[in-house]
1. Taking the Cα atoms only, what angle lies between the long axis of helix A:46-63 and the longest principal axis of chain A, rounded to 10 degrees?
2. Relative to the longest principal axis of the C-alpha atoms of chain A, give the angle of the C-alpha long axis of helix A:2-40, reported between 0 and 90° and rounded to the nearest 10°.
3. Taking H placed 1.01 Å from N in the peptide plane, check which residues at least 5 places from residue B:3 or on another chain put their amide H under 5 Å from its amide H.
4. For residue B:32, list long-range residues whose amide hydrogen, built 1.01 Å from N in the peptide plane, is under 5 Å from its own amide hydrogen.
5. Just A:82, A:19, A:59 to compare: in a GNM of chain A, with alpha carbon springs under 10 Å, which one fluctuates most?
6. If each DSSP helix of 4+ residues adds -39,500 (n - 2.57) and the sum is divided by the residues in chain B, what number results at 222 nm, nearest 500 deg cm²/dmol?
7. With r defined as the distance between the Cβ atoms of residue B:46 and residue A:48 and R0 fixed at 45 Å, what FRET efficiency is calculated, to the nearest 0.05?
8. Taking each residue of A:57-70 in turn, how many C-beta atoms of other protein chains fall within 10 Å of its C-beta, and what is the average?
Amino acid sequence: MTRQRNEEKVRAALEKVWLNSRPEALSGLATLEGFLEALRSGRTNEERLGIALSAAHRLSGSLGMFGLSEASSCAGEIEALLCQESAPDITVMAGLVRRLRILIEETQVPTRTQDKCDL
Amino acid sequence: MPRSLLVIDDDRDIRQVAKTSLELVGGFHVIVADSGQRGLTLAHEARPDAIILDLMMPDLDGRKTLAQLKRTPETASIPVIMLTAKVQADRQELVGQGAAGVLVKPFDPMQLPDQVCQILGWVPSGKDEDRSDAAEK
């Protein structure tokens, strides 16, 4: 019972942490959207790539803790795309970034059970 | 007296969630550090029973921090679990460098304490309580 009660406390704590973290997650997403725009207009450089890579890595690492496993995977795919030696495919990147926005925006309260995206 | 853990990660969310999970679910005493440098200081001062160390951090990253911990006699025997997203590529190398094991990010906060115990060969706290609860029913 004690462990079960404590797990409920963890869930409640996670909700609070997520409420504080959601704006940061959206900010990280905005960084990726900014990089996508730069990619489209040919204004990318190493510094921008590094910042985008860091944002994708952070999102990939943290979103899954809140139960946003699909969003975490999506951010991981973006990170992998940015790690490639060749320039990222704009169409693929745009699809992933759009999907990531939907997944984050639709999650008001975290859950360890599921996340979904109707695309 | 609960076992103590030091969590070193530059990501505030990960520190917060790991601390909450390890304390409430695992019953550990947890201290946190937001950088490799701060982690080294705390490891030396607090001598935790184990350390959970993020691999990718600015400045002093996880590899350099691990190397420093293992080089220092006072902290060399403290088991260090590395936290990384690139587990397949890193596990062998990190264990070769002295890590006790590797945890994959993102982790499930409900499973984290058990994973830590499994790597370190510790009996998870609360398991005995669970058994007592079952026996009472």
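Taken together, the values in this text are just the output of simple stated rules run on the coordinates, not laboratory data. This structure is a prediction, so every number in the text was calculated from the model and none was measured. Backbone-built Cβ (ideal geometry, glycine too); neighbour counts: all protein chains shown.
1. So the inclination is approximately 20 degrees.
2. Taking the Cα atoms of chain A, the angle to A:2-40 is about 10 degrees.
3. For residue B:3, whose amide H was placed from the backbone, the distant partners under 5 Å are B:29.
4. When sequence neighbours closer than 5 places are left aside, the close amide H contacts are B:7.
5. A:19
6. Values: 6 runs with 63 residues, N = 137.
Calculated mean residue ellipticity at 222 nm is -13500 deg cm²/dmol.
7. On the way: r = 40 Å, r/R0 = 0.88.
Using R0 = 45 Å, I get an efficiency of 0.70.
8. Average per residue, whole number: 5.
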